[in-house]
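J.: This is the structure I have questions about; it appears just below.
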Amino acid sequence: MTITRRSFLSASAAVAAMPVLGAKAAPLPREADIVVIGAGAAGVAAARRVMAANRKVVIVEAASQIGGRCITDGTTFDVPFDRGARWMHNPDTNPMIRLARSAGLDVSPAPSGQKMRIGRRNARAGETEEYLAALVRANRAIDEAARGKLDTSCASVLPKDLGDWAGAAEFVLGASFAGKDLKELSAIDKARAQDRNAPIACRQGLGTLIARLGEQAPLVLSTPASRIVWSNRDVSVETQAGKIAARAAIITVSTNVLTSGAIKFAPDIPKRTLDAASKLGLGSYDHIVLQLPGNPLGLSRDDILIEQSNSTRTALMFANIGGSSLCSIDVGGSFGRDLSGQGEKAMAAFAKEWITKLFGSEAAATVQKTAATRWNASPYVMGAMSAASPGGQLSRKVLAEPIGNMFLAGEATHETLWGTVDGAWESGERAADAALRKIGALKDEPADVPTQSMKKRRAPRP
Ligand SMILES: Cc1cc2nc3c(=O)[nH]c(=O)nc-3n(C[C@H](O)[C@H](O)[C@H](O)COP(=O)(O)OP(=O)(O)OC[C@H]3O[C@@H](n4cnc5c(N)ncnc54)[C@H](O)[C@@H]3O)c2cc1C
């Protein structure tokens, strides 16, 4: 049976390298009003906001391309595929869709086919209904638990009688939504996350979009920030190519990069900030892309398929991407983390094994080229998307608190759109407004901006 996209994906991550388009790799400037660290969605949004306020900005990016977790690979196969984020959700509110259109890119709703597989056959209508009912009950239990005082794990509050659908529900709500198994996921964080409905695809790729949007921003690529000297008045960002003196910095690196110590701070950033980042560690989510010419699986364009599973060794398939012969087998959570740790060969072997289980060995034998992402091993990201550990939901607010003249942004700082491109984008704009206000380039100070100045640090939460 075909499930409606809304019902299926409202509970899933709806998940998802084109080279930089025309980005100008400038020599490192010596000064700017605001330095942005990182040219992912948050960094590009922040830089555009600062430019719109007529202040001097520069983005310092460690990788050799714009995009961060939005990278479109335009060379491995004959059609582009997104190595990171793939879908824009909630078209009524998602700014990325308007931006894509105004950048001249083609956006279209992904067709609405989703399928549930039970071994070698499709689920019957009644079985699909049972699955959807189990998903609704699991979601409701998490929402109810989130209203309580304790921020507990999603797994601990799941109904015990989900029967044959427990595995699929856990996969869709945990590994596939947030890159973490439900036992590692805060019920409050999950309950506050905005539904990810009505996915929209960008034909040229979401990575292409972010690269396009960043193309006018002054930018230095392949230049990791190694040390930031900060105070309440100014900042100095150090790289191997020299230093940039600025009045403020916007830092958009992932929580795992922040806690890795790859960027040193002088003085140290508050322990409270680092604790918050470590409670928002990145989950694991990867795409294993197979070229399957001739549609041997008999699926439609952009079909999404999951299976009735009784273990974490499972996946989500996005088939015939954009009408091409590419199928992405997405793995996440603890299983995805272990698998990606074993390397691309093991990932491709799993994908073929999974297809054999669900469609037979003849289908798996038609696989031509394969490619796999390994976001945990990506040195400047170190994972997929932030997900609060049980007890950790409050950390998102803490992470967004200014530190002297430094402003943290990125998907992890968004309370409801964490783990998304639009969440990262909004967080970048918000941090830019706060930084512009701090340097006197914007006037209206909101009433309740939390601050964390050098003089007055709050005690870390227990
Ligand atoms: C496989 C996968 C699928 C996903 N699917 C979707 C989806 O379908 N829809 C959706 O909305 N979201 C999806 N997401 C999530 C989305 O990609 C992220 O939430 C978003 O792109 C994060 O943007 P960001 O700017 O916060 O961080 P990043 O994109 O990580 O940007 C941070 C930047 O900082 C740079 N950096 C790191 N260290 C340094 C340093 N020392 N100096 C300078 N620069 C540095 C990095 O190179 C990077 O470019 C997915 C993510 C993954 C991994």
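The values are calculated or read from the model by the stated rules, or taken from the named source; none is laboratory data. Everything numeric in this text was worked out from a predicted model, so none of it was measured. Counting neighbours? That spans all protein chains shown, and the Cβs are built from the backbone with ideal geometry, glycine included.
J.: Return the total of residues in segment 358-379 being acidic (Asp, Glu) and either touching a Gly at 6+ places or on another chain (Cβ under 9 Å) or buried (at least 16 other Cβ atoms within 10 Å of the Cβ) (or both).
T.: The number of residues fulfilling the criteria is 0.
J.: I've got another one for you. So is Ala348 crowded, with 16+ Cβ neighbours inside 10 Å and closer than 14 Å to Ser176 by Cβ or not?
T.: In short, no.
J.: Of (1) in contact with a Lys or Arg (Cβ under 7 Å, 6 or more places away or on another chain); (2) farther than 15 Å from Val381 by Cβ; (3) of a type in the set (Asp, Glu), Asp286 satisfies all except one. Which?
T.: Just one mismatch for Asp286, condition (2).
J.: Continuing with this model, one more query. Sort out which residues of segment 300-328 are more than 17 Å from Ala110 (Cα to Cα) and within 22 Å of the chain's Cα centre (by Cα), and write them in order of number.
T.: Matches in segment 300-328: Thr312, Arg313, Thr314, Ala315.
J.: Being under 30 Å from Lys149 (Cα atoms) and either at pLDDT 95 or above or within 12 Å of the ligand (Cβ to nearest atom) (or both) narrows it down to one of Pro402, Pro379, so name that one.
T.: Within the list Pro402, Pro379, the selection yields Pro402.
J.: Can Ser64 be described as surrounded by fewer than 19 Cβ atoms within 10 Å (Cβ to Cβ), within 10 Å of the ligand (Cβ to nearest atom), more than 20 Å from Asp433 (Cβ to Cβ) and not acidic (Asp, Glu)?
T.: Yes, satisfied.
J.: Out of Arg49, Arg69, Arg55, Arg117, I need the residue that is more than 18 Å from the chain's Cα centre (by Cα) and either part of a helix (DSSP H, G or I) or within 15 Å of the ligand (Cβ to nearest atom) (or both). Which one?
T.: Sole residue among the options that is more than 18 Å from the chain's Cα centre (by Cα) and either part of a helix (DSSP H, G or I) or within 15 Å of the ligand (Cβ to nearest atom) (or both): Arg49.
J.: Let me ask something else. Look at segment 405-425 and say how many of its residues are of a type in the set (S, T, N, Q) and more than 11 Å from the ligand (Cβ to nearest atom).
T.: The total comes to 2.
J.: Ile37 versus (1) modelled with pLDDT of 80 or more; (2) surrounded by fewer than 17 Cβ atoms within 10 Å (Cβ to Cβ): which is the lone unmet condition?
T.: (2)
J.: Turning to a different aspect of this structure: Being touching a Lys or Arg at 6+ places or on another chain (Cβ under 7 Å), hydrophobic (A, V, I, L, M, F, W, C) and under 17 Å from Ala319 (Cα atoms) is the filter here; which residues of segment 70-85 pass it?
T.: Hits for segment 70-85 are Phe77, Ala85.
J.: Could you grab the pairs with beta carbons closer than 8 Å, sequence gap of 6+ or different chains, first residue in segment 203-217 and charged (D, E, K, R), second one part of a helix (DSSP H, G or I) and away from the ligand (no atom under 11 Å from the Cβ)?
T.: Going by the 8 Å Cβ cut-off, the qualifying pairs are Arg203/Gly322.
J.: Something else: Being among the aromatic types (Phe, Trp, Tyr) and under 21 Å from Val229 (Cβ atoms) is the filter here; which residues of segment 388-424 pass it?
T.: Selection gives Phe407 alone.
J.: Kindly list the number of the only condition in (1) of a type outside the set (Gly, Ala, Ser); (2) modelled with pLDDT of 95 or more; (3) crowded, with 16+ Cβ neighbours inside 10 Å that fails for Pro95.
T.: The failed condition is (3).
J.: Of the residues Asn310, Asn295, only one is out of contact with any Ser or Thr (no Cβ under 6 Å at 6 or more places or on another chain), surrounded by fewer than 21 Cβ atoms within 10 Å (Cβ to Cβ) and at pLDDT 95 or above; which?
T.: Sole residue among the options that is out of contact with any Ser or Thr (no Cβ under 6 Å at 6 or more places or on another chain), surrounded by fewer than 21 Cβ atoms within 10 Å (Cβ to Cβ) and at pLDDT 95 or above: Asn295.
J.: How about segment 191-223: which of its residues are assigned to a loop (DSSP other than H, G, I, E, B) and within 11 Å of the ligand (Cβ to nearest atom)?
T.: Listed by number, the residues that qualify are Gln194, Arg196, Pro199, Gly214, Leu221, Ser222, Thr223.
J.: Take Ser300 and tell me if it is within 14 Å of the ligand (Cβ to nearest atom), of a type in the set (S, T, N, Q) and surrounded by fewer than 21 Cβ atoms within 10 Å (Cβ to Cβ).
T.: no
J.: Now for a different question. Can you report the number of residues in segment 224-272 which are of a type in the set (A, V, I, L, M, F, W, C), over 27 Å from the mean Cα position of the chain (by Cα), part of a loop (DSSP other than H, G, I, E, B) and surrounded by 15 or more Cβ atoms within 10 Å (Cβ to Cβ)?
T.: 0
J.: Consider Ile355 against the criteria (1) crowded, with 24+ Cβ neighbours inside 10 Å; (2) of a type in the set (Val, Ile, Thr); (3) under 16 Å from Phe171 (Cβ atoms); (4) out of contact with any strand residue (DSSP E or B) (no Cβ under 6 Å at 6 or more places or on another chain): it satisfies all of them except one. Which criterion is unmet?
T.: Just one mismatch for Ile355, condition (3).
Each row is one residue, and each column tells you yes or no for (1) under 26 Å from Asp82 (Cβ atoms); (2) out of contact with any Lys or Arg (no Cβ under 9 Å at 6 or more places or on another chain); (3) of a type outside the set (A, V, I, L, M, F, W, C).
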position: Ser222; (1), (2), (3): yes, yes, yes
position: Ser236; (1), (2), (3): no, no, yes
position: Ala245; (1), (2), (3): no, no, no
position: Thr255; (1), (2), (3): yes, no, yes
position: Leu258; (1), (2), (3): yes, yes, no
position: Lys264; (1), (2), (3): no, no, yes
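J.: When you look at Ile71, is it at pLDDT 95 or above and within 13 Å of Gly207 (Cα to Cα), yes or no? So that I can check it myself, show each step before the final result.
T.: Working: at pLDDT 95 or above: yes; within 13 Å of Gly207 (Cα to Cα): yes.
Yes.
J.: Of all residues in segment 272-289, which are in contact with a Leu (Cβ under 7 Å, 6 or more places away or on another chain) and more than 19 Å from Leu258 (Cα to Cα)?
T.: Of everything in segment 272-289, just one residue is in contact with a Leu (Cβ under 7 Å, 6 or more places away or on another chain) and more than 19 Å from Leu258 (Cα to Cα), namely Val289.
J.: Something else now. With respect to Ala277, determine if the residue is within 13 Å of the ligand (Cβ to nearest atom), small (Gly, Ala, Ser) and in a loop (DSSP other than H, G, I, E, B). Talk me through it step by step, then tell me what you get.
T.: Numbers: within 13 Å of the ligand (Cβ to nearest atom): yes; small (Gly, Ala, Ser): yes; in a loop (DSSP other than H, G, I, E, B): no.
Spelling it out, it is not the case that Ala277 is within 13 Å of the ligand (Cβ to nearest atom), small (Gly, Ala, Ser) and in a loop (DSSP other than H, G, I, E, B).
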